[in-house]
Each structure stands twice: as C-alpha cells, then as structure tokens.
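The values are calculated or read from the model by the stated rules, or taken from the named source; none is laboratory data. Predicted, not measured: the structure shown is a model, and the values here were computed from it. Glycine also receives a Cβ, built like all others from the backbone with ideal geometry; neighbour counts cover every protein chain displayed.
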Amino acid sequence: MGQSFLDNSLWRNVYCFLAGDSTDCATRNYSDGVLPAGMEWLAFLIAAVVVIALVINGVLGGVIVLIWGERRLFGRFQSRTGPNRWGPWGTLTSVADAIKTMFKEDVVPADADRILFNLAPVLIAAPALLVFAVIPFGIGTYVADLNVGILFVMAVTSLTTLSVLTAAWSSANRIAILSALRSVALLISYEIPMALALVGVIMLAGSMSLGGIIEAQSVPFIIVQPLAIFVFFLAAMAEMARAPFDLTEAESELAAGYLNDYASMKFGLFFLAEFMAELSTSAIVTTLFLGGWKGWEPIPSHFWFAAKLVLVLFVIIWFRMTLPRLRVDQVLKLAWKGLFELTMINIIVTAVLIAIWPEPTTSRLWIMAAINWPVAIISIWAVSKLLGTTQYENPVPDPSSPVYPVATSAIPASAVFSGDVVVGPTGMDGGD
C-alpha cells in the first residue's frame with residue numbers, strides 16, 4: 001500500500017482495519033489487523049470493493065433524495081402540493097417510482113439491434129458514476145486523486161454523446177434518431193466552451209488535480225473567475241439537457257427523445273443517469289469554483305462540501321424552473337457566437353494577469369477578482385447585445401393578408417365559401 005493510498009482516509013481506515021500489523025499501517029499507530037500477516041493483497045482487494053461500494057451506494061442514495069427534493073421544489077415553484085402520498089412528506093415517492101419501474105414490461109422493438117439497445121443505458125450511466133472517482137468529498141476523502149483529474153472528468157463526460165447516439169440508432173426509430181442528432185449537435189457544441197472555461201482555473205491553480213485546485217482556492221474561484229463560472233454553468237446545463245436546453249426530450253416535438261423506445265429498468269437507467277449527472281455537475285462546480293470541502297473549523301470538511309453541493313443543486317433546479325425552452329438554432333448560436341467568445345476573453349485576461357503575478361497570493365487573487373468582474377460584466381453585456389433579437393417598432397400590417405375572425409367578430413363575406421361542397425363519409429370534402 002503506497003503512501004498516496006494511506007493519505008486517503010477512506011482507503012486507510014478500511015485497509016488498516018484488515019491489515020493493521022503491516023509496516024505501513026503500524027507507522028500510523030494502527031494495531032493488529034483482522035487478517036494475518038502476508039494477506040495484505042487480500043486486504044487491498046477488500047478495501048477497494050468496500051470503497052467503491054460506499055461511493056456507488058452513496059451516489060444512488062443521493063439520487064433518491066434528489067428526486068424527492070426536486071419534486072418538492074417544483075411544487076413550491078409552481079404553487080402545487082408536490083409529492084405527499086407515499087411516506088411522510090412524500091419521502092417514499094422515489095422508492096415507489098423505483099419499484100414501479102422495475103416491474104414494468106421490458107419491450108424491445110422488433111427491428112432494434114439488441115446488443116447495442118441493451119448496452120446504451122449502461123454506457124450513459126457509467127460515466128456519471130466514474131466522475132465521482134476523482135471528486136474529493138472531504139479532507140483525505142476520495143477514491144483517487146489523479147494529477148489530471150480535470151482531463152479525466154472531461155474525457156469521461158464526453159462519452160455521453162456516444163451513448164445517446166447508440167441508444168437512438170439501435171432502436172431503429174426515426175424520431176429517436178432525430179432527437180439524437182440534435183443532442184449530438186448540442187453536446188459537441190457545448191463541450192468546447194465548457195473545456196475552455198476551465199483553462200483559467202487551471203492557470204490559477206497550476207494543477208489539473210482536483211485536490212490541488214481546492215488547495216489553491218484561498219479565495220474561491222467563483223469570485224476570481226466570474227466569466228469561467230458563467231460559461232461553465234450554462235454549458236453544464238446544456239450537457240445535462242436540462243431546461244432551457246432540453247431539446248433532446250422536447251415532449252411536444254419528439255416525445256421522450258432518443259430513449260423513446262426504452263421501458264422498465266432500461267428507461268430507469270437513463271433516468272438515473274440524468275440525476276447522477278446533476279449530482280456530478282454540482283460536485284464539479286463545488287470543487288472547481290466554491291473551494292470544495294474548505295470551510296471554518298471545527299465543522300467537518302464533509303459538511304461544507306455537502307452544503308455547497310446542495311446550494312448548487314438548488315440553483316440548477318431554480319434555473320430549470322425559471323427559463324423557457326430555447327429553439328435549436330438559439331442554443332447553437334449561444335454556444336458558438338456567445339460562450340466561445342467569452343471563454344477566449346477569459347483566457348486572454350487570465351493569461352495577462354498570470355504573466356504579471358506568476359504565483360498569485362491571496363491579496364493578488366482579490367486584485368484579479370477586482371479586474372475580472374468588470375471585464376465579465378462588460379463582456380456578457382456586449383455578447384447579449386450581439387445575440388439579442390431585433391427590436392421591431394411600429395409594425396405595419398400587410399393589407400393584402402387575409403382577415404380572420406377574432407373572438408366574437410362576424411365571419412367576413414370574403415372568407416365564406418358559397419359553392420357546392422360534397423361531404424364524404426369522413427366529413428371531409430369528397431370531391432376530386
């Protein structure tokens with residue numbers, strides 16, 4: 001067991017409980033372990049299984065709570081009651097949904113590619129879980145601290161594009177394929193500004209390790225990098241296909257979108273992946289921009305991380321319930337003609353500031369924040385003007401356009417057909 005593992009409280013507590021008499025654990029004041037000497041390899045395997053199970057079950061439990069909390073908030077936002085039938089305050093609603101989903105009939109279209117059709121739900125759920133492997137939940141509490149943690153997160157989350165396309169193509173459904181093509185256009189478009197928004201964070205921290213970025217935040221990067229958090233948040237909402245970017249599941253146009261033919265637990269996995277993506281996005285925002293687990297002692301670091309995570313989740317839900325759905329051309333225009341340019345401005349300004357102060361201290365970070373906020377406000381205002389809709393003043397109606405009755409107005413004589421009409425058995429015109 002290496003020192004990097006022993007510095008991780010999750011790994012250390014499980015491993016040294018099993019192999020406490022090993023040399024590495026003995027130096028950290030652990031007594032005899034459960035397993036005899038020479039079985040350290042078995043202790044390592046058991047510790048790996050336990051840590052992975054803790055994280056996976058913790059995320060799944062968080063999803064259940066998130067679904068309940070989101071529905072309760074929806075009820076508040078829309079002046080509705082919200083779920084209140086199953087359990088006190090509706091706390092068992094998510095459990096009831098899970099049971100209902102498990103017992104639904106699993107239907108596979110006759111023309112579907114069965115292998116890809118069954119593989120797609122797994123492909124879309126796995127990346128959302130893998131993200132949590134590099135998230136520091138507290139001091140010394142993580143699965144792995146990669147020195148390229150940000151790169152790992154961006155690489156893993158990009159697999160969603162492949163999963164969506166696989167799900168639609170394998171179902172052999174035209175509506176699903178149309179939804180997938182719109183989704184792929186959206187996902188690819190917003191992956192670029194999302195990645196570029198993190199360049200300023202990496203330059204300030206001098207590291208791509210998520211733990212290193214948290215340590216570098218003597219001032220939270222949400223204060224120092226306002227343009228970065230603005231672009232990253234909007235791009236993350238688009239990547240999750242949440243309103244106002246939910247073009248892939250536009251019910252009025254595409255029914256359930258790319259997962260239109262999925263039922264039972266296959267549909268449940270897509271549903272699960274959506275909420276896991278919401279959790280992982282909140283965890284990433286908390287880590288990169290809110291200082292992660294940093295807070296005031298003696299309150300545990302895990303509490304600070306959880307509190308910030310819940311705050312970001314609330315903002316995401318509030319954002320979804322506030323804004324209407326955008327058209328596909330508006331979504332793509334925002335990505336390429338708005339957010340992309342904002343990331344370029346942020347990178348240039350941050351690079352200049354880093355050239356002036358290569359190793360920024362806390363006071364210098366505050367000076368950077370004082371410079372970046374006016375730049376962010378002016379840049380967002382300028383881009384909003386460029387992307388804004390044309391203002392039409394005093395429109396003049398076309399005199400040649402037909403006049404239609406409104407409310408109780410009488411039908412004009414010009415709109416009445418006075419010729420002979422032959423009505424067929426279906427009530428339609430039966431003429432040639």
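Within segment 256-307, the set of residues being touching a helix residue (DSSP H, G or I) at 6+ places or on another chain (Cβ under 7 Å) and of a type in the set (Gly, Ala, Ser) comprises Ala256, Gly257, Ser264, Gly268, Ala273, Ala277, Ser280, Ser282, Ala283, Gly291, Gly292, Gly295. Within segment 22-39, residues that are not assigned by TED's automatic domain parsing to the domain that holds Ser9 reach no partner that is at pLDDT below 70 and in a helix (DSSP H, G or I) with beta carbons closer than 9 Å at six or more positions or on different chains. Considering only helices (runs of 4 or more DSSP H) fully contained in segment 201-245, which possess at least 3 residues that are closer than 28 Å to Glu274 by Cβ? The helices (runs of 4 or more DSSP H) meeting that bar are 210-216, 226-239.
A single entry from Ile46, Ile52, Ile56 fulfils the requirement of being more than 25 Å from Ala283 (Cβ to Cβ), touching a residue at least 12 places away in the same chain (Cβ under 8 Å) and out of contact with any Asp or Glu (no Cβ under 8 Å at 6 or more places or on another chain): Ile46. Among the residues examined, Leu187 qualifies as modelled with pLDDT of 85 or more and either in the same structural domain as Gly292 (by TED's automatic domain parsing) or hydroxyl-bearing (Ser, Thr, Tyr) (or both). Checked against (1) assigned to a loop (DSSP other than H, G, I, E, B); (2) in contact with a Ser or Thr (Cβ under 7 Å, 6 or more places away or on another chain); (3) crowded, with 22+ Cβ neighbours inside 10 Å, Tyr258 passes all but a single condition, namely (1).
Checking the structure you have, find out if any residue of segment 342-359 is part of a loop (DSSP other than H, G, I, E, B), of a type in the set (A, V, I, L, M, F, W, C) and either outside the structural domain of Ala228 (by TED's automatic domain parsing) or over 30 Å from Leu181 (Cα atoms) (or both).
Applying the first criterion (part of a loop (DSSP other than H, G, I, E, B)) to segment 342-359 yields 357-359.
Within this subset, residues satisfying the condition of being of a type in the set (A, V, I, L, M, F, W, C) are 357.
Among the residues that remain, those that are also either outside the structural domain of Ala228 (by TED's automatic domain parsing) or over 30 Å from Leu181 (Cα atoms) (or both) are: 357.
Taking every residue of segment 342-359 in turn, at least one turns out to be part of a loop (DSSP other than H, G, I, E, B), of a type in the set (A, V, I, L, M, F, W, C) and either outside the structural domain of Ala228 (by TED's automatic domain parsing) or over 30 Å from Leu181 (Cα atoms) (or both).
Is it true that some residue in segment 279-298 is in contact (Cβ under 8 Å) with a residue 12 or more places away in the chain, surrounded by 14 or more Cβ atoms within 10 Å (Cβ to Cβ), outside any helix (DSSP H, G or I) and in contact with a Lys or Arg (Cβ under 6 Å, 6 or more places away or on another chain)? Looking for residues that are in contact (Cβ under 8 Å) with a residue 12 or more places away in the chain, surrounded by 14 or more Cβ atoms within 10 Å (Cβ to Cβ), outside any helix (DSSP H, G or I) and in contact with a Lys or Arg (Cβ under 6 Å, 6 or more places away or on another chain), one finds at least one in segment 279-298, hence yes.
Annotation: of all residues in segment 51-67 being loosely packed, with under 14 Cβ neighbours inside 10 Å and of a type outside the set (A, V, I, L, M, F, W, C), the one that is farthest from Ser9 (Cα to Cα) is Gly61. The single condition among (1) farther than 25 Å from Met265 by Cβ; (2) in contact with a Leu (Cβ under 7 Å, 6 or more places away or on another chain) that Arg80 does not meet is (2).
Could you please find all residues in segment 349-384 being of a type in the set (Gly, Ala, Ser) and either surrounded by fewer than 13 Cβ atoms within 10 Å (Cβ to Cβ) or touching a residue at least 12 places away in the same chain (Cβ under 8 Å) (or both)?
Answer for segment 349-384, where residues must be of a type in the set (Gly, Ala, Ser) and either surrounded by fewer than 13 Cβ atoms within 10 Å (Cβ to Cβ) or touching a residue at least 12 places away in the same chain (Cβ under 8 Å) (or both): Ala351, Ala355, Ser363, Ala369, Ala370, Ala376, Ser379, Ser384.
Against the numbered list (1) part of a loop (DSSP other than H, G, I, E, B); (2) farther than 27 Å from Leu269 by Cβ, Phe44 comes up short only at (1). Considering only residues in segment 59-77 that are over 17 Å from the mean Cα position of the chain (by Cα) and touching a residue at least 12 places away in the same chain (Cβ under 8 Å), the one that is farthest from Phe271 (Cα to Cα) turns out to be Phe77.
Going by what's in this entry, would Phe233 be described as assigned by TED's automatic domain parsing to the domain that holds Ser163 and either touching a Gly at 6+ places or on another chain (Cβ under 9 Å) or modelled with pLDDT of 85 or more (or both)?
When the stated conditions are applied, Phe233 passes them.
Could you tell me whether Met237 is touching a residue at least 40 places away in the same chain (Cβ under 8 Å) and under 28 Å from Phe103 (Cβ atoms)? No; evaluated as a whole, the condition is false for this residue. Of all the numbered requirements in (1) touching a Lys or Arg at 6+ places or on another chain (Cβ under 9 Å); (2) not in a helix (DSSP H, G or I), Phe74 misses one, and that requirement is (2).
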